Amino acid sequence: MNIIAWFFGRPFGRARLGLVAVNKCVTFVARLVAVATISAAASVHAQTVLYSETFEGQHGWTLNVPSGTNGSDPNFWLVSDNEAGLSPPACGTTSNGNKTLHVTSVFNPNAGAVYDTGGLCGILFCPQTNMRAESPAFTTVGSSAVSLSFDYIANGDALTDNASVLYNIGAGWVVVTPSLKSPLCGTGHGQWARFEALLPAEAGNQPNLRIGINWTNNDDGVGTDPSVAINNVQVIDSPSILFADSFE
């Protein structure tokens, strides 16, 4: 009788609760392992490079495409090491052999990412500028989500002297980031920073995606160097993996 009471009574109930708790713990651990496995797989898959450019060779970019009104002496896009490429958060320098895409001036075209802010049109130069640099088209077919990244320095004057980031799938240019600005070093040179952004969903599964960097400045004599310099552009496959579990 005591054996039966033990089997069907509270001690059994406690044992049963303990068994349930163990089972839930095992399930929880198994699911955590599954999440870790999926995350690791996603991390590896996310490194698939769809497009990259370091501007060291034949880069294929189209430079100085008018995107608005330009003066008679606009600032312009150039690829050279006059503005030398460096890893963030290094301070800007010149002539280290690492080329960048940057905006310079008619007044001093070898100065690197230094632009003419104007203010003397009619006496000297008229540097009002609206110019875009455009990547060649590349495919994202098979990738439902894509990310853009690059190294950069950028300054100017709010939105009047300013760099912006765009993309194009064939229906016109769409703004990704309306304004690029990076810190300044104590020397006054730009401090290199890293830009990263997940592009809108429509940028995925496209046979002809292009990236653009637009530079605009008015001619009021107000603004702070650097203009903008871009290096190490990458577009990668960034799949979204959703995993939800209430662990009930």
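Readers should treat all values here as calculations from the given coordinates under stated rules, not as data from a laboratory. Everything numeric here is computed off the predicted structure, so don't read it as measured data. Cβ: placed from backbone, ideal geometry, glycine included. Neighbour counts: every protein chain shown.
Numbers for the structure displayed
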quantity	calculated
Net +/- balance of residues flanking G97 in space, Cβ distance below 13 Å, scoring K and R +1, D and E -1	-2
9 Å beta-carbon shell around A113, net charge (K/R +1, D/E -1)	-2
Net +/- balance of residues flanking S135 in space, Cβ distance below 9 Å, scoring K and R +1, D and E -1	-1
Potential lengthening between A197 and S149 on full extension [0.36 nm per residue; Cα-Cα distance subtracted]	16.6 nm
Separation in nanometres of the label points that stand 7 Å from Cα toward Cβ, at T224 and Q47	3.8 nm
Difference of contour (0.36 nm per residue) and Cα-Cα distance, T187 to V174	1.2 nm
Relative packing of 225-232, 65-72, 199-206, which averages over residues the other C-beta atoms within 10 Å, highest first	225-232, 199-206, 65-72
